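A.B. asks: Okay, here's the structure, questions in a sec.
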Amino acid sequence: MAKSQSSAPPLYPHYLPTRPDGFSKAIDTPLFEGTEPGLRADPAKPEIFTSFSEVIEITPVIGTEIKGLQLSKLSKDGLDQVALLAAERGVLVFVSCTFSPGEEPRDEIDVD
């Protein structure tokens, strides 16, 4: 029978994860009702895949680079499409996404 990996000492103990406060129990979070914005999105993602944007898959499975898309100009439907793409690809990188002076960046997607 093979020796279990978990019983062996770690090869690189200095690289084990640590917490500055030591161990702390997980927070008991009550169940809540939530809405997933990506479920409202058009699967074709017409506001992301436009003639003005360039979409490149960073790897075949995870990560997408998007050039030429201005998040501040997207409609609510467009932001839902961004949420869907983020759920599908895991990581989104927006290149050349700028904000006008005085324009507040959007930091959340409306979940209502």
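A.B. asks: Can you tell me how many residues within the range 64-77 are of a type in the set (Gly, Ala, Ser) and either modelled with pLDDT of 95 or more or in contact with a strand residue (DSSP E or B) (Cβ under 7 Å, 6 or more places away or on another chain) (or both)?
C.D. replies: Of the residues in that region, 1 qualify.
A.B. asks: Would you check if there is a residue in the range 1-21 being of a type outside the set (Gly, Ala, Ser), surrounded by 10 or more Cβ atoms within 10 Å (Cβ to Cβ), in a helix (DSSP H, G or I) and without any contact (Cβ under 8 Å) to a residue 40 or more places away in the chain?
C.D. replies: No, the range 1-21 contains no residue that is of a type outside the set (Gly, Ala, Ser), surrounded by 10 or more Cβ atoms within 10 Å (Cβ to Cβ), in a helix (DSSP H, G or I) and without any contact (Cβ under 8 Å) to a residue 40 or more places away in the chain.
A.B. asks: Now a separate question. Output the residue which, of all residues in the range 50-75 that are assigned to a loop (DSSP other than H, G, I, E, B), exposed (fewer than 14 other Cβ atoms within 10 Å of the Cβ) and hydrophobic (A, V, I, L, M, F, W, C), is nearest to the chain's Cα centre (by Cα).
C.D. replies: Selected residue: ILE62.
A.B. asks: ASP80 fails exactly one of the following numbered conditions: (1) in contact with a Ser or Thr (Cβ under 8 Å, 6 or more places away or on another chain); (2) within 28 Å of GLY34 (Cβ to Cβ); (3) modelled with pLDDT of 90 or more. What is the number of that condition?
C.D. replies: In the conditions (1) in contact with a Ser or Thr (Cβ under 8 Å, 6 or more places away or on another chain); (2) within 28 Å of GLY34 (Cβ to Cβ); (3) modelled with pLDDT of 90 or more, ASP80 misses (1) alone.
A.B. asks: Could you list, in sequence order, the residues of the range 8-35 that are within 30 Å of ALA83 (Cβ to Cβ) and among the hydroxyl-bearing types (Ser, Thr, Tyr)?
C.D. replies: Within the range 8-35, THR29, THR35 qualify.
A.B. asks: From the list GLU104, GLU47, which residue is of a type outside the set (Lys, Arg), modelled with pLDDT of 85 or more and either in a loop (DSSP other than H, G, I, E, B) or over 18 Å from the mean Cα position of the chain (by Cα) (or both)?
C.D. replies: Just one listed residue meets the conditions, GLU47.
The values are calculated or read from the model by the stated rules, or taken from the named source; none is laboratory data. For clarity, every value in this text was computed on a predicted model and none was experimentally measured. Because the Cβ atoms are built from the backbone with ideal geometry, glycine has one as well, and the counts that use them run over all protein chains shown.
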